[in-house]
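The values are calculated or read from the model by the stated rules, or taken from the named source; none is laboratory data. The structure presented is a predicted model; accordingly, all values stated were derived computationally and were not measured. Neighbour counts are summed over all protein chains in view; Cβ atoms, including those assigned to glycine, are modelled from backbone coordinates with ideal geometry.
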């Protein structure tokens, strides 16, 4: 259930056996290696030095550790860059991004695609059937450092091919993109450039197709590696380590060829450094040493959905990191809390990054389970405590319990994020912040949540929330129409067609069959400007975004703007909120929907969150004060007690 990331090439070989022995004694089962090892394995073109890696694999395997082998394509060696500079990615100003760090390749480079297949084949052929190799990780953190969207000559050529396949005829593209506007019509696909360096705003349809193309290039690149690994390494799983709050490609599509999803969890860095989450400065300070209570949980639920129920944490923060704006230490007990939070959300494995802090190069300020002097650090002690706790009978029983869906689904769409990014219509608009507003409201009510893609089968859920879905595909429209439970739609849903136009019948476009109203006008609101919403005896001062709804027969008004006009409407069990909700409004709307769905709720303290796995209920306290767990009177505690200590958690059996 626990693992660690290890880099034998960073340490004297004399240390390897002791490292492996100590990993096993600490309670670790899995070890990831190899993902940055290309220059050590192939120091010159075609000359391989497998000896050191062979011995590392044998040493780790003899200690009883299961190896996750990474393909080393995130770090092409200098000799390859010098020989084939066309592999480099280009930034949006047409400048090559050069050698000296990592991820210095373009997904569209045919030269690099061939090199990726070649080195993957070499690794898979050598280690694919080794008894110690349990699985594979493709590459490392696709797209990190803003590398999905390359503006290279290779990307331009590939984009034109992609457009030909999509539209067939340039006249169809001109029509879809609305190129009569500003005299932007093309005579052939060869005239189309990448969307970059124009005088003013670029055509949003052009940008949207480029975003789709760039995502598809990641999907193809990954699938090529997976196919090679499966030929040479039957019976082993294949995964990729996705990132937090990284939205530049469609993770659901990439994972279609994988066995499970994994992700790299750094709660402190994400809370402090991600501007699009909507966290206030006060919240960033409050949770500086714990991470926001919903930042990791959201990604656990997302990657459980991406992985079709199977997922890992491939890298778990064990101490201070090196890359955030500020890098405090986790509060005592929080590394243990993070590990158990992931397990409660269904993680098969929690793997810590890294075994030992490196005293050199770019990540020398990034903590590991051990200090650079090889003494076990605070995170290592907490990992050992988790390993001991995992052996308890109650946890083994929880693992044997059949997997069940959460009662609530939240629909999340990467294309929705891209549409909002391309045309936010207001500086304050963040797709991720809007999603968090609804996710946090549901978590404050103590319910478990599944995150699903548009078009997923919704029949097993008692309530569904759609924070925003600008383009409602035919599959998504069918799924929503077939669903007979309570469903809550948020702003800008159905606001665009696939080609990035306003629907001919106005928003919510294809959903007007089940939501008989029209959104006649929208407005974005600068900070400090609000629109009051009246519901019962409460007034909510809502900012950021507001919509003018024209209801038709079959629509009832739940809440209205103080200035007049409906703000919150429904048709049967289908609801629509035409305003960016305050936290109070999101909580009350979520409570209203869950109550109609017959889902019991419990308004939790601000710092407390819950999750269930089998018959075990967990309550996590991210605050600096003790809290009382909302357990039943008959609950039997298996970890902790009803009073939850600061930065800790309790678990009870029901």
Being assigned to a loop (DSSP other than H, G, I, E, B), assigned by TED's automatic domain parsing to the domain that holds residue 575, under 28 Å from the mean Cα position of the chain (by Cα) and buried (at least 23 other Cβ atoms within 10 Å of the Cβ) narrows 491, 487 down to just 491
- Query: In this structure, is residue 315 over 25 Å from residue 454 (Cα atoms) and outside any loop (DSSP other than H, G, I, E, B)?
  - Reply: yes
Of the residues in segment 430-469, those that are within 19 Å of the chain's Cα centre (by Cα), in contact (Cβ under 8 Å) with a residue 40 or more places away in the chain and in a loop (DSSP other than H, G, I, E, B) come to 430, 448, 453, 454, 456, 467, 468, 469
When segment 393-420 is checked residue by residue, the ones that are part of a helix (DSSP H, G or I), outside the structural domain of residue 464 (by TED's automatic domain parsing) and under 26 Å from the mean Cα position of the chain (by Cα) are 398, 399
Residue count, segment 179-205, condition in a helix (DSSP H, G or I) and either modelled with pLDDT under 95 or within 17 Å of residue 153 (Cα to Cα) (or both), comes to 3
Restricting attention to segment 347-362, the residues that are crowded, with 16+ Cβ neighbours inside 10 Å and over 21 Å from residue 378 (Cα atoms) number exactly 2
- Query: Is it the case that some residue within segment 502-515 is in a strand (DSSP E or B) and assigned by TED's automatic domain parsing to the domain that holds residue 482?
  - Reply: no
So the strands (runs of 3 or more DSSP E) completely within segment 548-595 holding 2 or more residues that are under 17 Å from residue 466 (Cβ atoms) and in contact (Cβ under 8 Å) with a residue 12 or more places away in the chain are 566-571, 574-577
Next item on the list: Return yes or no: is residue 629 more than 25 Å from the chain's Cα centre (by Cα) and under 29 Å from residue 649 (Cβ atoms)?
Entry: yes
Taking segment 23-59 and keeping only residues that are surrounded by 18 or more Cβ atoms within 10 Å (Cβ to Cβ) and either touching a strand residue (DSSP E or B) at 6+ places or on another chain (Cβ under 7 Å) or closer than 17 Å to residue 387 by Cβ (or both), one is left with 23, 26, 28, 29, 30, 31, 32, 33, 34, 35, 56, 57
Going through (1) surrounded by 13 or more Cβ atoms within 10 Å (Cβ to Cβ); (2) more than 21 Å from residue 363 (Cα to Cα) one by one, residue 16 fails only at (2)
Given the conditions (1) surrounded by fewer than 21 Cβ atoms within 10 Å (Cβ to Cβ); (2) in the same structural domain as residue 367 (by TED's automatic domain parsing); (3) part of a helix (DSSP H, G or I); (4) touching a residue at least 60 places away in the same chain (Cβ under 8 Å), every one holds for residue 309 apart from (3)
On the basis of being in contact with a strand residue (DSSP E or B) (Cβ under 7 Å, 6 or more places away or on another chain) and either on the phi > 0 side of the Ramachandran plot or not assigned by TED's automatic domain parsing to the domain that holds residue 541 (or both), does residue 615 make the cut? yes
Any residue at all in segment 532-551 that is farther than 22 Å from residue 441 by Cα and in contact with a helix residue (DSSP H, G or I) (Cβ under 9 Å, 6 or more places away or on another chain)?
no
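Okay, residues lined up against (1) touching a helix residue (DSSP H, G or I) at 6+ places or on another chain (Cβ under 6 Å); (2) assigned to a strand (DSSP E or B); (3) modelled with pLDDT of 95 or more:
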{"site": "623", "(1), (2), (3)": "no, no, yes"}
{"site": "632", "(1), (2), (3)": "no, no, no"}
{"site": "638", "(1), (2), (3)": "yes, yes, yes"}
{"site": "646", "(1), (2), (3)": "no, no, yes"}
What do you reckon, is residue 383 in contact (Cβ under 8 Å) with a residue 12 or more places away in the chain, part of a helix (DSSP H, G or I) and either surrounded by fewer than 21 Cβ atoms within 10 Å (Cβ to Cβ) or out of contact with any helix residue (DSSP H, G or I) (no Cβ under 6 Å at 6 or more places or on another chain) (or both)?
yes
Among residues of segment 605-623 being touching a residue at least 60 places away in the same chain (Cβ under 8 Å) and over 25 Å from the mean Cα position of the chain (by Cα), the residue farthest from residue 289 (Cα to Cα) is 615
Within segment 60-78, residues in contact with a helix residue (DSSP H, G or I) (Cβ under 8 Å, 6 or more places away or on another chain), surrounded by fewer than 20 Cβ atoms within 10 Å (Cβ to Cβ) and in a helix (DSSP H, G or I) come out as 62, 78
Would you check if there is a residue in segment 364-377 being closer than 20 Å to residue 68 by Cα and outside the structural domain of residue 443 (by TED's automatic domain parsing)?
yes
Could you tell me whether residue 247 is crowded, with 17+ Cβ neighbours inside 10 Å, over 18 Å from residue 421 (Cβ atoms) and at pLDDT 95 or above? no
Exactly one of 207, 236 is out of contact with any helix residue (DSSP H, G or I) (no Cβ under 7 Å at 6 or more places or on another chain) and either under 18 Å from residue 414 (Cα atoms) or buried (at least 16 other Cβ atoms within 10 Å of the Cβ) (or both), and that residue is 236
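Per-residue answers, yes or no, for (1) in contact with a helix residue (DSSP H, G or I) (Cβ under 7 Å, 6 or more places away or on another chain); (2) crowded, with 20+ Cβ neighbours inside 10 Å; (3) in contact (Cβ under 8 Å) with a residue 12 or more places away in the chain; (4) in a loop (DSSP other than H, G, I, E, B):
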residue	(1), (2), (3), (4)
270	yes, yes, yes, no
290	yes, yes, yes, yes
339	yes, yes, yes, no
372	no, no, yes, yes
When segment 181-204 is checked residue by residue, the ones that are at negative phi, surrounded by fewer than 17 Cβ atoms within 10 Å (Cβ to Cβ) and in contact (Cβ under 8 Å) with a residue 60 or more places away in the chain are 196
